[in-house]
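Participant: What follows is a single structure, and I will ask about it in a moment.
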Amino acid sequence: MSFGRFAAVLGILAAGASTVSAQSGYQTNFDDATGWTLAGGSNGVVWKVDGTPSTMPGGIAQSGANSLNYNNSTNYNSGSTAGNSGTATSGTISLSGLNNPTLTFWCNFQTESGSEDATWGYDVRTVTITPASGSPVILTLGSTGQSAAIDACGAMGTWHQHTVALSP
């Protein structure tokens with residue numbers, strides 16, 4: 001099972017983050033889960049905004065005491081071979097009036113070896129951007145094999161920043 005820490009915005013599904021901002025439209029450091037809907041999960045693995053487990057490689061947050069994370073507060077494995085997924089969704093964020101808006105977030109992950117490649121098929125980490133009209137854009141995160149619109153993840157267990165160009 002994967003453990004991700006990051007943040008996402010703009011009606012986005014995230015997978016583990018510490019800070020998120022959309023160029024003056026929205027920003028959070030995840031002091032708590034205000035404005036986010038956390039859903040899904042099984043076998044004790046769920047989305048939370050907290051500082052656990054404190055032994056996270058790279059630290060529990062990029063800055064501050066908490067991060068948005070998908071884990072079971074103890075480790076990164078539910079102990080089950082069954083599928084497990086969950087979503088963390090922000091509220092609607094208007095991009096109108098913003099010039100060249102971007103989504104920027106810090107990410108750190110701990111997954112099964114091999115899942116650093118986004119095409120591997122296990123421990124898939126995605127960010128979904130849902131425009132007011134049109135189809136959702138799903139970006140797959142990885143150190144390799146990631147979606148073309150997002151930069152590669154840094155090494156597992158390290159905080160690294162992602163930036164995605166948005167269109168109002």
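The values are calculated or read from the model by the stated rules, or taken from the named source; none is laboratory data. Note that the coordinates shown come from a computational prediction; the quantities given were computed from them, not determined experimentally. Glycine also receives a Cβ, built like all others from the backbone with ideal geometry; neighbour counts cover every protein chain displayed. When the accessible area is computed, the model is the full protein with side chains, heavy atoms only, and any ligands, DNA or RNA have been set aside. Shrake-Rupley method; radii C 1.70, N 1.55, O 1.52, S 1.80 Å.
Participant: Can you give me the number of residues within segment 27-54 that are surrounded by 15 or more Cβ atoms within 10 Å (Cβ to Cβ) and among the hydroxyl-bearing types (Ser, Thr, Tyr)?
Facilitator: Of the residues in segment 27-54, 2 are surrounded by 15 or more Cβ atoms within 10 Å (Cβ to Cβ) and among the hydroxyl-bearing types (Ser, Thr, Tyr).
Participant: Considering only residues of segment 4-26 that are more than 10 Å from the chain's Cα centre (by Cα) and crowded, with 23+ Cβ neighbours inside 10 Å, which is modelled with the highest pLDDT?
Facilitator: Checking each candidate, the answer is Ala22.
Participant: Scanning for something outside any loop (DSSP other than H, G, I, E, B), touching a residue at least 40 places away in the same chain (Cβ under 8 Å), under 14 Å from the mean Cα position of the chain (by Cα) and within 26 Å of Leu98 (Cα to Cα), does segment 112-125 turn up at least one residue?
Facilitator: In the first step, residues of segment 112-125 are kept if they are outside any loop (DSSP other than H, G, I, E, B); the result is 117, 125.
Subset that is touching a residue at least 40 places away in the same chain (Cβ under 8 Å): 125.
Pick out the ones that are also under 14 Å from the mean Cα position of the chain (by Cα) and you get 125.
Adding the requirement that they be within 26 Å of Leu98 (Cα to Cα) leaves none.
No, because not a single residue in segment 112-125 is outside any loop (DSSP other than H, G, I, E, B), touching a residue at least 40 places away in the same chain (Cβ under 8 Å), under 14 Å from the mean Cα position of the chain (by Cα) and within 26 Å of Leu98 (Cα to Cα).
Participant: Okay, next question. Across segment 55-70, which residue is farthest from Phe105 (Cα to Cα) among those that are hydrophobic (A, V, I, L, M, F, W, C) and open to solvent by less than 50 Å² (accessible area, probe 1.4 Å)?
Facilitator: Among them, the one singled out is Met56.
Participant: From the residues in segment 74-98 that are in contact with a strand residue (DSSP E or B) (Cβ under 7 Å, 6 or more places away or on another chain) and of a type in the set (S, T, N, Q), which one is most open to solvent (accessible area, probe 1.4 Å)?
Facilitator: Among them, the one singled out is Ser85.
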